[in-house]
Each structure stands twice: as structure tokens, then as C-alpha cells.
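Values in this text are rule-based calculations from the coordinates and carry no lab data. None of these values were measured; they are calculated from a predicted model. Positions of Cβ are backbone-derived with ideal geometry, glycine not excepted, and every protein chain shown enters the neighbour counts.
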Amino acid sequence: MISRYDMHLIAAIGLLLLGTILVPIVAAAQTAKPSDWPMAAKDYANSRFSDAAQINAGNVKTLRLAFTFSTGVLRGHEAAPIVADGTMFIVTPYPNVVYALDLGREGAPAKWKFEPKPLAAAQGVACCDFVNRGAVYADGRIYFNTLDNQTIALDAKTGKELWRAQLGDIKRGETMTMAPLVVGNKVFVGNSGGEFGVRGWLTALDATNGKIAWRAFSTGPDSDVLIDGDFKPFYQQDRGKDLGVSTWPPEAWKIGGGTVWGFLSYDPQSNLIFYGTANPGPWNPSQRPGDNKWTSGVFARDADSGKARWFYQMTPHDLHDYDATNENVLIDVTIGGRKRQALVHPDRNGYVYLLDRMTGEVLSAQAFGYITSSKGVDIASGRLQTAPDKEPQVGKVVRDICPAAPGAKDWQPSAYSPRTRWLYIPHQNLCQEAFATQTSYISGTPYVGVDLKMTAGPGGNRGEFTAWDPEAGRKVWSIKEDLPVWSGALATAGDLVFYGTMDGWFKAVDAKTGSPLWQFKTGSGIVGQPISYTGPDGKQYVAVLSGIGGWAGGIVAGDLDPRDSSAGTGWANAIADLRQRTSKGGMLYVFALP
Amino acid sequence: MSSRCPSRPVRGGTSLARGLIAALVACVASIADPAYGDARQLRVCADPDNLPYSSREESGYENRIARLLAQELHADLQYAWLPLQRGFVRKTLGAGLCDVVLGVPHEFGALLTTQPYYRSAYMFVSRAASGVPTSFDAPAMRELRIGIPLIGDEGAASPPAHALSYLRISRNVSGYPLYGDTPQAERLIHALASGDLDVAIVWGPQAVYYARKQDVALAMSEAVAPRGLEGVPFEFSISMGVRKDNPGLRNELDAIITRRHADIDAILASFGIPQVGRIDQPENAQ
């Protein structure tokens, strides 16, 4: 519904023009052209849809390399290249170097390079490789996060630093990996590190100086979560005072997780911002009885005040590391003959949720992956029906937990085409067993670990790329991939869909049928977010960062020992062959028609 | 053979230690020269700031035991310093920075481990005036304010966390995250001494080290697995670890542990390390 969305945007800007001082900034923030790619998810709706149609099913087989650029970094490259103002901006994994490439000159030479020099110690804290999911362009500026918890604003023309804000502390296990979002005069950022007892938050910064405008925690009393009389959750279990305290043992909310490291979306018409919270931590589940609010769910908040409007919890009292941080794609649908302003959210727990984005009501929740850890979602109560036999227990082997800890789908963002009206979901097909305890130690303290071992789910394929009809709540087609699909997806008006594989293939398939149309082997595994833009020369380009890593690719990027089946929290066993199939190295690849 | 690196004293003041670090740097430089390649080196990886185990000033008991090992091997002792965090083994022994790490659980699968050189246990620690619990099954454990260390890796938990969750004791339990402004065990013991907790359940060597720093008298007793959870260990045998392809060094270290057992014990005793089986009295820290 991109066209309708654009109209809403225009309407919203028009309203603002009538009377607030935010007007010039809001208007200027939209200087990015429709042919640009100013934020990781392309637009506020998180569509990852390019309306460029030069490259299509008929000619994509002639797509060829236009230029490349080496980032000089060997860790997992999960970022989306950002394109605006005739320039491409890339932020690397730690040490979070930012490059600006001049798209107006042949070969796109670097215009400037910015090195934020984050603390090296941040590497010892980050849970899952040293990734960064991208920068954002707005109003002539670039904003990005560093692993050591800084948000930095740069002048997009010169790379000159405008401000930096220190927002968290690596000494407490906190890091930042997400891509910021800019709305009006606010930059929205969130933290990572729930596995270490970090308390999650979303923070709004003043775009002009980096000062904190507000911070909304994911746990604790209502005053910390920015919940007041405007909070109208749809379901009974989310109503009540200070549930962020009372759904935990005393004090446990202070270290309860619910970090905010996924993508944010924004609806200009309602002025609501949407995001998911991560799993509760860092206890084993029986030590935190209760629903553990407001973890593993989706918040809608007013973008100006930060006040919560509604919350829906995908996985109350999470047992299996099912964050709800996955993207919320804003679409308008017709359900039962009634038009609904919705958001679609493919969750780690294996269901695609279609929610009314005004109220948080579940319109449908259908499985897109293989699930044994729950029996479905009760639409009347909104509650996930968990399977008690899959609850982890001390000293007991629990087999066949599906999906595994990374979920049926992890961070890797889906794309939505308003032409097919389908969501394109990159995901994995993994189950796990939690077996025999093993002895380990950290900082001199011995402890007992649960050994997680992941294996391929039914069918033996570890990855899948699925086209999903959100209105019908069903799969349309899917492509089985041997390895987990850990890259983002891109949909284009040429009715093509692009994604990458962990062994380095960049692929284009027919958006309507899933037929493979083109592929190119890049130098390293792809875990990045493909994008498309129209260059200053009027040609359509498709770009992606190659560079294996991330939680799934850590076995290569972090040199983990594949003989240790629990290394990388079980990943090493699941994809022990990855080291033979790719090697590390960050490189940008940009493609165009001849 | 030309020069040998200076050996390090058992204890040193800060300035002395700094001088020695300078000497050590020079020493490393000379060893890097192939001309001096015949001087045997014992390369140890250790945390520069993790007492009572190790410190850059070499004031921890692992530093002292490492010196003893170097003497026995007629080797120059060299350190590579790295915080004992996630990926420690991979970044140290795995990256070839050193040949041995001390203080490794005997059952730790990532390394080849020596015979244990001590065995300790998790301890219940309380203010001496209020008495120390002796069992997880004691009814008071449902009422007392209990503090435990949290580990943080997905699914991983400290033994007391397993025990309390098995017994469904949660509302009176506070978890202390691994990361913080001061070491986890220090935060736990400090909370106990200042009255925020009634019981802290802490790994023995750290419990004693931090208990001795408090103004309040603390008492401790060994924590034993509750009935029904006997499979979860509260005692751990501690070894030295080498790379899996280095059984020769492991065998040499094994022999030293046997030969110098009494001296190693004396070092541990000087730090008050509670060895399992010898703690028959609640210890009063002064």
C-alpha cells in the first residue's frame, strides 16, 4: 500500500505545515527522493520495496557487476547501504567505520571516511558477532550507532561529526547494533545485550544536538515504560498498573532484558512508532515466573511523547529465546470485507502475526515455520498456547524444540511488494535439543551450561525463503535453501525479489512464482540487507554487502571451533560445513544492467 | 645462552611491579629475537584484573602458582593479559598467545586439562551475627533475601540459580549480572555486608576474598545441592588448561602438581581458599 502510504505522508506533512515548528525539519527530512534508499528499511512502512522497474524478469539475466568496494572489515556485514543525495553511505561492523561513496563519479570513489573509534572492549561484550544494521539519512545528516553505545550524527556532505551521544555502558553488558530511525526532529535508537541482564529501552534523541528527549524502558513501573491513561492495549492480560514490575519476581525486572535492537517503523497518519522488544533475561525461565512484561512483544508509541498506545506480547514468559524484535511492516489489508490498517510481523516463535496497528488486535497468526514449542495462538485471548513438554528443565534433555533459539526467523528483515501484496520472508528451518549440562567458567566463576544443539528441521533444509499472503494468512510459494537465509529481502517494481545466501550467492527470483532468474557468487557469505536505487545517471542499481558473520555466521567470522557443537550457542553444530563453503571479508557489490 | 629474563617476586608494591612490567616488556622483546630462542618460556594467559585469581601486578594466587611452575620448568614466565570474558580460550590459547591458563574447571571440554590442583565449592555467605544457612531445603530459604550470580549465556546458569529455580524459590531472590561497575562477587558480598541481602551464594575463592574486605564479620558454609538435584555440581575441581595438541606440557604440569602439591596448597591457604572437605567450621572473616 505504498501509494496510499505516500498520500498519508503528504497529508501529514500538510497538516504539520499548518502550524508547528517541526515543519521545516519534517519537510527537509523527506528530501530523500523515492529513488533513494534513505533508511535501512527503505521507508517508514518498512516495505523494502523499490518502485524502480528497469530491472525485470525479462532482463535480469543480463544483470552484471557495476562496481565494488572493500570495507576492510572481516566481521558480519548486516548493514543496508544507505543512498541519498547522490551518495552511498556504508557503516561497517565494529569498528563501525562509515564510508561515503560518490555515485556521481565512475566507480563510485570514496568521498570521505569517518572512524568513530569505539572502545575495543565492546567486542568482548557483544553477544553475537560485532554487527551493525545500518545508518539513516535525514535532512543532510547521517546518524548511526556504535557497538560501544554511542549515537553519532555526521554532516552527510563532508563526514564532519556534528554530535555524539553516549547512551549506554559496555561495563553493564550493553551494546548497540540497530539501525536508527529519524522522524521529524527525533532520532530513535535502542540497545542490545539482554542475555547479560541489560534492561531494554528505546530512546528518542533531539536530532539537532543528541540530547535525550525521552527514554521508554521495556520493564519496570509504568512511569519508566511511559505508560499512562493513553495506554489502551487490546487484551485483558496487558491491562493493569505496573505490570512491568508485577509480572516478575521482585527486582528481576531491573535486569529483565526486553532490549530494542530490531527495526522501527512509523505511521505518519497516527504518529505512532512501532517496534518489538527482545526476550526476557538473563535467568533460566523458572526463576522468573510471570509474563515478564514488556518483553517479547510489540509496542506502539506516540512518536512525540513516547507514550505507549498499545502493546501485544507474542511470547509471554519466553522459554526459548524468542525475541519479538522482528520487523513490523505497515500495510493496509481487507479482512472479512473490512479495511484494516495493519502491521505484519513474522515472529521468531514461528507465526506471522497480522495486527491492527491502531489497536494491537490480532487479526490472524498463522505458522510460517515448523513449530513444536507451541500449539497456536488463541485469537480470542491473544495468547500463545505453549507446549509444556518443551519447557527446558535442569538436568533433563528436551528434544525436538522447534523453532530453535534463533526462531523460525531472526533479525533478517522481510520485504513487502504492493504489486503482489505478499511479504517475502527470509528465514531458517532449525530445531534444537537442550541436553546434558556442561561445565564452563567465566571471570573465574565455574557454572553449568545448558548445551544447545541445533539441527535442520523437517525436510533437512536449514533455510527457506517464503512468499506469504498476509491477508489470506498462508504461504504462496517457498524456496528451500540448504543454509539458513540470514540476509534481508528486497522487492522491486520489476516484480523481482532479491536475497543472499550464507555461502555468498546473491539471487533474484520472480516475485510471483519464486522461479530463480539470476544469481551471482560474491566473495563471502551474505548476511546483509539488499537495496535498490536509481543513480544520478538514471539507471537502476541493486546493492548488497557481502561478509559472513552475525550470530549464525560467527563460526566463520569468529573462528569458532566446529568440533564444539555448542559453540555460538549451538550454531556450530547446525552449520559446521560453513567454514568449507565461505570465508570472511566485507565487500560491497553493486549491480546494474549493461 | 646470553641473558635470562628477571624472575618476578612473589609480591610487589605498585612501583616495583611497574618496574618489573617494564623489565618484562624488554624481556619479551629479547626473547622474540631468534638468537635467544634457547631460553624456555612459560607463556601464561591471565586476566589483568580479576583477584583473587590474577592481576597485572601479579598479586593473585594464580600468579604465584604460575611462578612456581616457571621455576620448576626452568622457564621464563611471560604473561599475555586478556579479560576472562566470552571467547577467552579462543583469543588466548586458540590464538597462540600463550601455552597455559590456570583456574580452569577440570571438566572444561575446550582444553586439555591437568589433574586438579584444588577443589572448592559454592558457599552460603551470611552476616556472622545472623547465622548461615546450611541447606537449600531449609524453610528459611523461602524468606531470606538471597543474592546469586547470573551467568548470562542463553540457558546457562550458576548452580545456585539452578537450585533455587528447581525449588521454585524466586520471589526473595535477586540476581547479580555478570557485568557491572565492580566484579559480580564483590557486588554480592557488599550487598550482604550492607544489609541488602541476608544470604549470598558465591563461588568459594571469591567469597573469601571479598568477605575479608568487609567491615562486618561474615560467616560461610558450603552450599550442597538440594534433594532431587544431586546431578548439579556445587563443587568444582580446578585444573590448568593447555591446547589439546599439547599433551607434553600437560604431562609436565601434572608432574609439578604432584611434586609441589604442598607448596601449591600453602599458596591457596594464604588466600584462605576454601577447599572442599576442609571447611568444617564456618569461617569468620576478620
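With a 10 Å cut-off around each Cβ of B:78-85, the average count of Cβ atoms from other chains is 2. So which aspartates and glutamates can A:Lys33 reach, going by Cα to Cα under 14 Å and dropping same-chain residues fewer than 8 places off? Within the straight-line cut-off, A:Lys33 pairs with A:Asp6, A:Asp43, A:Asp51, A:Asp85, A:Asp139. Projecting label points 7 angstrom from Cα along Cα→Cβ for B:Ser270 and A:Gln580 puts them 5.3 nm apart.
The trypsin sites (Lys or Arg not before Pro) of segment A:210-262 that DSSP puts in a loop, and whose beta carbon has at most 13 other beta carbons within 10 Å, are A:Lys211, A:Arg239, A:Lys241. Note on A:Trp214/A:Lys171: beta-carbon distance plugged into 1/(1 + (r/R0)^6) with R0 of 25 Å gives a FRET efficiency of 0.55. Relative to the Cα centre, the charge distribution of segment A:2-592, modelled as +1 at Lys and Arg Cβ and -1 at Asp and Glu Cβ, gives a dipole magnitude of about 600 debye. Computed over segment B:121-222, the alpha-carbon pair-distance distribution with 10 angstrom bins reads 17, 54, 27, 2, each value a whole percent.
What is the mean number of Cβ atoms from other protein chains located within 10 Å of the Cβ atom of each residue in peptide B:160-172, rounded to a whole number?
5
Determine the shape class of segment A:258-391: with a ≥ b ≥ c the square roots of the Cα gyration tensor eigenvalues, call it rounded for a/c under 1.5, and otherwise prolate if a/b is greater than b/c, oblate otherwise. Here segment A:258-391 falls in the oblate category.
Checking the a/c ratio against 1.5 first, then a/b against b/c, what shape does the Cα gyration tensor give for segment A:117-199? Judged from the Cα gyration tensor, segment A:117-199 comes out prolate (a/c at least 1.5, a/b above b/c). Each stretch of four or more DSSP H residues adds -39500 (n - 2.57); spread over every residue of chain A, this sum gives -2000 deg cm²/dmol at 222 nm. Take the Cβ atoms of A:Lys113 and A:Leu65, set R0 to 25 Å, and the FRET efficiency comes out at 0.65.
Among the residues of B:102-108, the average count of other protein chain beta-carbon atoms within 10 Å of the residue beta-carbon is 4.
Among the listed pairs A:Lys480/A:Lys512; A:Lys480/A:Lys521; A:Lys232/A:Lys409; A:Lys584/B:Lys244, a Cα-Cα separation exceeding 23 Å is found for A:Lys232/A:Lys409; A:Lys584/B:Lys244. Structural size metrics of the protein assembly as shown, computed from C-alpha coordinates, are Rg and Dmax of 28.1, 91 Å.
Spatial offset of segment A:459-518 relative to segment A:370-433 amounts to 18 Å, using the alpha carbon center of each.
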